[in-house]
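*Asks:* Mind having a look at this structure? Questions to follow.
Nothing in this text is a laboratory measurement; each read-out follows from the coordinates by a stated rule. As the structure is a prediction and not an experimental result, all values here were calculated from the model. Ideal geometry is used to build each Cβ from the backbone, glycine not excepted, and the neighbour counts take in all protein chains shown.
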Amino acid sequence: MIDVLIERGDFLASLEGLLGEAHGGSGRLVFLGGEAGVGKTTLAAALINAADAQVVRRGSCDNVTMAEALGPLVDALPEVAEMLDGEAAVSRLRLFRHVRDMLSEPPTLLVLEDVQWADEATLEVLRFMGRRLGGTRLMILATFRSEEVGSDHPLTVVLGDLAALPGVILAEIPSTSRRCSQPAPSTCRRPCVTRCLRACPGSRGRGGKSWTRRPCSVGASK
Ligand SMILES: Nc1ncnc2c1ncn2[C@@H]1O[C@H](COP(=O)(O)OP(=O)(O)OP(=O)(O)O)[C@@H](O)[C@H]1O
Ligand SMILES: [Mg+2]
């Protein structure tokens, strides 16, 4: 956890608000995109820190050609590994339902990092959960590198399918490559990141992507 979260107060407040809604019984699935190094993991860590009284589970996707099925979910929910070992006896639907039950009680924050590299089964879980958020006390925060998710990327299909559903939010952290015109303050450890965060606070998603079917609601200017 970094000492100072620079110029992300609005994003963090929005995410905390969504977490509160989720824990009140209106589950949320938040896809948080942004370019490499823009601060997705840092923001997720800040949210986890703010949610320290809740159950937090974390999983990460890896940039490998043969990603293990449900690997990030097993990271987050080791219980899933036992079910996979007995896979012959457990249908995918039963497994997904079990995952949903495990994540719904008690109030839970599930952070899945770098889902641009997610295996197909993990994307299916996100699709399944995105359609069944109602009545859960779960917030899923799924981060992804937006520049790696083109129109033919599997994640784009999932985002397109889910974007219009209640409880599903698409958001993008402003790029470090745009509107970086202000000098970095002296506290900056990553000058480029800091300059852009200062220049683009509360910026909306890039738009124009086929899956951006409704306005981003995280990090909206206040
Ligand atoms: N809001 C911020 N305030 C201060 N420093 C930040 C902030 N956001 C990011 N940084 C710095 O930038 C570095 C990269 O951030 P981070 O790892 O969160 O990026 P990322 O978007 O998750 O990158 P990747 O796509 O590689 O996963 C961090 O180590 C941190 O030092
Ligand atoms: Mg990251």
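*Asks:* Amide H neighbours of Glu172 under 5 Å, at least 5 residues apart or on other chains, H built in the peptide plane: list them.
*Replies:* Correct list: Gly33, Gly205.
*Asks:* Using each residue's phi in the stretch 67-84, evaluate 6.51 cos²θ - 1.76 cosθ + 1.60 at θ = phi - 60° and report the 3J(HN,Hα) Karplus result to the nearest Hz, with x for Gly and Pro.
*Replies:* Each residue of the stretch 67-84 in turn: 5, 5, 4, 6, x, x, 6, 5, 4, 7, 10, x, 4, 5, 4, 5, 5, 5 Hz.
*Asks:* With all pairs of different alpha carbon atoms counted, what Kirkwood hydrodynamic radius in Å does the stretch 1-97 show?
*Replies:* 15.8
*Asks:* With r defined as the distance between the Cβ atoms of Ala69 and His153 and R0 fixed at 25 Å, what FRET efficiency is calculated, to the nearest 0.05?
*Replies:* The calculated FRET efficiency here is 0.85.
*Asks:* Here's something else I'd like to know. Just how far, in whole angstrom, is the stretch 37-59 from the stretch 106-152 if you go by their alpha carbon centroids?
*Replies:* 14
*Asks:* In addition: Place the peptides 48-59, 153-164, 68-79, 30-41 in order of packing, highest mean first, counting for every residue the other Cβ atoms within 10 Å and averaging per peptide.
*Replies:* Working: 48-59: 15.4, 153-164: 17.4, 68-79: 19.1, 30-41: 21.8.
The most tightly packed comes first, giving 30-41, 68-79, 153-164, 48-59.
*Asks:* Which whole-Hz ³J(HN,Hα) couplings does the stretch 47-60 yield from phi under the Karplus relation 6.51 cos²θ - 1.76 cosθ + 1.60, θ = phi - 60°, glycine and proline marked x?
*Replies:* 5, 4, 4, 6, 9, 5, 7, 9, 6, 10, 10, 9, x, 10
*Asks:* If the chain between Glu79 and Leu165 were fully stretched, how many nm would it gain, using 0.36 nm times the residue separation less the Cα-Cα distance?
*Replies:* Extra length from Glu79 to Leu165 when fully extended: 28.1 nm.
*Asks:* Another question about this same structure. From the phi of every residue in the stretch 31-45, what ³J(HN,Hα) in whole Hz does the Karplus formula 6.51 cos²θ - 1.76 cosθ + 1.60 yield, where θ is phi - 60° and glycine or proline is x?
*Replies:* Couplings: 9, 10, x, x, 5, 3, x, 6, x, 5, 5, 4, 5, 4, 5 Hz.
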